[in-house]
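J.: This is the structure, below, for whatever I ask next.
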Amino acid sequence: RSSGSCTRTCESFGALRHAEAMQQNHFELLTSVPKRFSYRRVSINLRRRVLSLVLILILYTQYSTKNEQLNHMFHEACSVDTAASATSLESLLRAQSHHCSYWFSLAIFKLRHGCASNAVRQLVNGIEQCNRDAKSETQRRQLHSFKAWIDSGARGSENLHLSRYRCEKTLHSVSKQFGIYENNMPGSGSSSVDLSSSSQISTDEQAIHVKMSHLVQEARVQSILQAQGIPAMIHFVYGFSDSPQVFGMHNYIAVASAKTKNPHCKILFHFMREPVGKWWQHAKVLLDEIIEHEGTTEFQGQCLTHYAHKADVVRLKAIYERGGIYMDIDTISLRSWAPLQAGNQFVMAEQDSPSSVTVRQGKVYGLCNAGMASVKGSLFAALWLESYQFFRSHGRDGFWDEHSVILPANLTDEYPWLVQEGHVTILPAKSMWIPLWNHVDKALLQPNTKNLSDMFSQSILIHLWDSSGHRSFKELETINPSWLDETPYGREARQYVRLSNDFVLTYTPL
């Protein structure tokens, strides 16, 4: 603490040594001071020990600070596990792209959803854009470390899904295994990172349909109207979640009603994981072709984290590459598509919204992709697929239905020639999307003497909005079967399901 304290410590230390000597020789007083004792030598040795201790403390403090940085960085990355948190993170990066930890967290989120290529792009962007000061050096090195890990195959990345603890433990393990040191950093003798393929987060808020103007104009120059009409095939897409889904009775009714109302069409079923359940076995008999797809995690350079967005891409590619009609697996067909197949290139219907305030500011909410039809290679489908290079949803966030509903409406508004020159035919909402999700239970499952075909006399189909949170249609098998006779949906469904002799709902052979 002070020179005086140091001197007193040395004196005490010298007295102790002298006492030990007196015990051995027994001829000097214990209080006497040895004549040849060197305070200077003891002081030098003690100073050396103190300096060594200080050096150890400094090194430990630096190591501890670096460890705290990594712990915080890994904890933040593993905490970004929802669509809303990922979307908020991208918003922060638009304003603060110098934060290394933000790029790292976004990359780990992408990797957790199987988007390795997109994760590498985020890391490369971070290496280029985040701070280069001494304080951020540790974090920048981690970006290099994890890029090396992903490039090598990202072994163990499946543990990132298990829990935050396992996620952080995996990140620490990777950091130790692929640690990047000073001599491996760009500019220190190694080759620099290739940034040519980086996909930076845009800092502007320009609407997607405006960004696409050059694509639309190029497409218009090369556009040719197809003369052959919409092919006679109906596509269903299902089973793109992480685990096999149970195929319900209302899903079977969707397939059976489509086949009944459109006997001229083949039925094609697309899936990634085959559904399960007795109703799937009944439905398989009605299918003309079953198509299994590999996992779709990235498209046009963007990450598809939610199974619904993966299904959106698969359905659009199906009607673009083969042509035909697409309907959601939670619909019930009331009328044939045949009148719309001749003379149209692409057919969609307007979707309203129960809210008076929408992103399209007073216009119709959008054009819904739960039911549509296209010729093979249609111009509108091609533009829609190209637009996915601007895709920005991470699931149930503010951009959830931007590409599936809002974007197609924005395109036809911004470029009216798409409709005027016959590339898109837009039907009124009552053709498919009435009732909306907030009224579907009341309209279809409340006791009523009217039939669906009379209630919705201009509808091609009715959408049950199965993903909107209500469970009524999934529970029909577990409630009193009187709904078959008392409700509009039940009376329409009696063409396809019936009550067996032992009072169990089963299918009606077509």
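The values are calculated or read from the model by the stated rules, or taken from the named source; none is laboratory data. Fair warning: this is a prediction, and the values are worked out from it, not measured in the lab. Note that each Cβ is placed from the backbone with ideal geometry, even for glycine, and that neighbours are counted across all protein chains shown. With ligands, DNA and RNA removed, areas are computed over all heavy atoms of the protein, side chains included. Shrake-Rupley method; radii C 1.70, N 1.55, O 1.52, S 1.80 Å.
J.: Just checking, does region 372-384 include any residue being under 30 Å from residue 106 (Cβ atoms), of a type in the set (Phe, Trp, Tyr) and open to solvent by 20 Å² or more (accessible area, probe 1.4 Å)?
T.: Looking for residues that are under 30 Å from residue 106 (Cβ atoms), of a type in the set (Phe, Trp, Tyr) and open to solvent by 20 Å² or more (accessible area, probe 1.4 Å), one finds none in region 372-384, hence no.
J.: If residue 385 satisfies all but one of (1) assigned to a strand (DSSP E or B); (2) under 21 Å from residue 221 (Cβ atoms), what's the number of the condition it fails?
T.: Residue 385 satisfies all of (1) assigned to a strand (DSSP E or B); (2) under 21 Å from residue 221 (Cβ atoms) except (1).
J.: Same structure again: Quick one: how many residues across region 485-508 are open to solvent by 10 Å² or more (accessible area, probe 1.4 Å) and either of a type in the set (A, V, I, L, M, F, W, C) or in contact with a His (Cβ under 9 Å, 6 or more places away or on another chain) (or both)?
T.: The number of residues fulfilling the criteria is 6.
J.: Pairs needed: first member in region 481-500, touching a residue at least 24 places away in the same chain (Cβ under 8 Å); second member anywhere, small (Gly, Ala, Ser) and assigned to a helix (DSSP H, G or I); C-beta distance under 7 Å; at least 6 residues apart or different chains.
T.: Cβ pairs passing all conditions: 483/490; 496/256; 496/257.
J.: Quick one: how many residues across region 401-420 are in contact (Cβ under 8 Å) with a residue 40 or more places away in the chain and assigned to a loop (DSSP other than H, G, I, E, B)?
T.: 1
Each row is one residue, and each column tells you yes or no for (1) open to solvent by 20 Å² or more (accessible area, probe 1.4 Å); (2) farther than 21 Å from residue 292 by Cα; (3) assigned to a loop (DSSP other than H, G, I, E, B).
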position: 214; (1), (2), (3): yes, yes, no
position: 230; (1), (2), (3): no, yes, yes
position: 234; (1), (2), (3): no, no, no
position: 255; (1), (2), (3): no, no, no
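J.: Sticking with this structure for a sec: Hey, could you check region 103-162 for residues that are among the hydroxyl-bearing types (Ser, Thr, Tyr) and open to solvent by less than 10 Å² (accessible area, probe 1.4 Å) and say which is farthest from residue 72 (Cα to Cα)?
T.: 145
J.: Give all pairs with beta carbons closer than 6 Å in which a residue from region 236-263 that is more than 12 Å from residue 307 (Cβ to Cβ) meets a residue that is modelled with pLDDT under 90 and open to solvent by less than 10 Å² (accessible area, probe 1.4 Å); count only pairs at least 6 apart in sequence or on separate chains.
T.: 250/473
J.: Restricting to region 47-92, what's the tally of residues that are open to solvent by 60 Å² or more (accessible area, probe 1.4 Å), of a type in the set (A, V, I, L, M) and at pLDDT 70 or above?
T.: The qualifying residues number 7.
J.: So which of 434, 426 ends up being β-branched (Val, Ile, Thr), assigned to a loop (DSSP other than H, G, I, E, B) and either closer than 29 Å to residue 281 by Cα or modelled with pLDDT of 90 or more (or both)? If you could, list the steps in order and put the result at the bottom.
T.: Details: 426 fails: assigned to a loop (DSSP other than H, G, I, E, B).
Of the residues listed, the single one that is β-branched (Val, Ile, Thr), assigned to a loop (DSSP other than H, G, I, E, B) and either closer than 29 Å to residue 281 by Cα or modelled with pLDDT of 90 or more (or both) is 434.
J.: Further question: Does residue 396 satisfy being in contact (Cβ under 8 Å) with a residue 12 or more places away in the chain and part of a helix (DSSP H, G or I)?
T.: Values: in contact (Cβ under 8 Å) with a residue 12 or more places away in the chain: yes; part of a helix (DSSP H, G or I): no.
It is false that residue 396 is in contact (Cβ under 8 Å) with a residue 12 or more places away in the chain and part of a helix (DSSP H, G or I).
J.: Filter region 276-294 down to the residues that are open to solvent by 50 Å² or more (accessible area, probe 1.4 Å) and assigned to a loop (DSSP other than H, G, I, E, B) and list them by number.
T.: 285, 288, 293, 294
J.: Let me ask something else. Among what's in region 295-335 and is in contact with a Leu (Cβ under 9 Å, 6 or more places away or on another chain) and part of a helix (DSSP H, G or I), pick the residue that is surrounded by the most Cβ atoms within 10 Å (Cβ to Cβ).
T.: For region 295-335, the residue satisfying everything is 312.
J.: Check off (1) open to solvent by 30 Å² or more (accessible area, probe 1.4 Å); (2) closer than 21 Å to residue 216 by Cα; (3) not small (Gly, Ala, Ser) for residue 360 and give me the number that stays unchecked.
T.: Residue 360 satisfies every listed condition except (1).
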